[in-house]
Amino acid sequence: MSAGTPGAGRTVLVTGGSSGLGAAVVAAVARAGGRPLVLDRQAPAGGVPWVECDLADTRAAEAATRRLAERSGGLDAVVTAAGMDVPGKLADIPGETWDRIVAVDLLATAAVVRAALPFLETSRGSVVTVASTLGIKAVADATAYCAAKFGVVGFTRALAAELAGRVGVTLLVPGGMRTAFFDDRDAAYRPGPDAVLNDPADTAAAVMFALSQPAGCAVREMVVCADQETSYP
């Protein structure tokens with residue numbers, strides 16, 4: 001993407017683009033004059049082109065990525081914003097739930113990027129993966145989420161080395177945001193009333209900054225969190 005025009009005329013695929021950070025990125029791309037595309041289980045707002053997809057099915061995620069890219073005549077960027085968590089002690093989390101968290105947060109990230117690569121190499125485009133402050137700092141009762149997000153960090157660093165000179169790669173490490181991510185949790189695992197959380201639109205603005213860099217200039221890693229974020233450093 002050309003410097004100073006992070007969205008104008010560009011096609012950006014966003015996983016999890018119907019809510020939370022993903023929806024904020026979709027809105028930011030559209031405001032900048034770009035064309036957002038979404039992979040999600042729910043329809044995005046505003047009639048944004050999308051394909052319904054359960055990202056835990058990684059082969060389906062690959063097929064859906066290719067379908068959207070082909071329909072749209074290619075891709076300029078991918079932002080892997082989809083994520084989930086069900087906190088709890090390892091012994092208490094059902095195995096299927098634990099596996100699903102890792103599949104959605106890590107395996108789907110790799111699957112979507114893999115399927116998008118031929119299109120991104122053609123456009124000399126960009127990838128922004130979304131990890132978490134819990135991808136660099138482990139906490140109790142989050143073994144699946146930490147495993148997945150630590151995996152996203154390692155995956156993205158290796159991907160950046162692999163694609164250097166061909167596709168721009170940025171690792172985003174966000175702190176907590178004011179989204180529905182925490183809504184279905186037990187009260188013990190929800191942010192307290194005094195928690196300081198970021199507006200997802202501010203984190204989306206950082207994504208757009210990464211996407212605005214010209215070919216050959218990469219923002220390799222960004223930590224974006226409220227200045228009183230307790231999970232970083």
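The values are calculated or read from the model by the stated rules, or taken from the named source; none is laboratory data. Keep in mind that what you see is a predicted model, and the values were worked out from it rather than measured. Counting neighbours? That spans all protein chains shown, and the Cβs are built from the backbone with ideal geometry, glycine included.
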| query | Given the conditions (1) surrounded by 18 or more Cβ atoms within 10 Å (Cβ to Cβ); (2) assigned to a helix (DSSP H, G or I); (3) touching a strand residue (DSSP E or B) at 6+ places or on another chain (Cβ under 8 Å), and given that K149 satisfies all but one, which numbered condition is not satisfied? | reply | (3)
| note | Within segment 129-146, residues in a helix (DSSP H, G or I), of a type in the set (S, T, Y) and surrounded by 21 or more Cβ atoms within 10 Å (Cβ to Cβ) come out as Y145
| query | In segment 118-126, is there at least one residue being within 30 Å of L197 (Cβ to Cβ), not basic (K, R) and not in a helix (DSSP H, G or I)? | reply | yes
| request: Kindly indicate whether any position in segment 95-102 is of a type in the set (A, V, I, L, M) and exposed (fewer than 15 other Cβ atoms within 10 Å of the Cβ). | output: no
| message | Out of everything in segment 1-23 that is surrounded by fewer than 24 Cβ atoms within 10 Å (Cβ to Cβ) and not in a loop (DSSP other than H, G, I, E, B), what residue ends up being modelled with the lowest pLDDT? | response | G20
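So is G192 farther than 26 Å from V29 by Cβ, assigned to a helix (DSSP H, G or I) and of a type outside the set (S, T, N, Q) or not?
Criteria not met by G192.
Filter segment 195-233 for residues that are among the aliphatic types (A, V, I, L, M), assigned to a loop (DSSP other than H, G, I, E, B) and buried (at least 16 other Cβ atoms within 10 Å of the Cβ) and give the result.
Of everything in segment 195-233, those that are among the aliphatic types (A, V, I, L, M), assigned to a loop (DSSP other than H, G, I, E, B) and buried (at least 16 other Cβ atoms within 10 Å of the Cβ) turn out to be L197, A215, A218, V219, A226.
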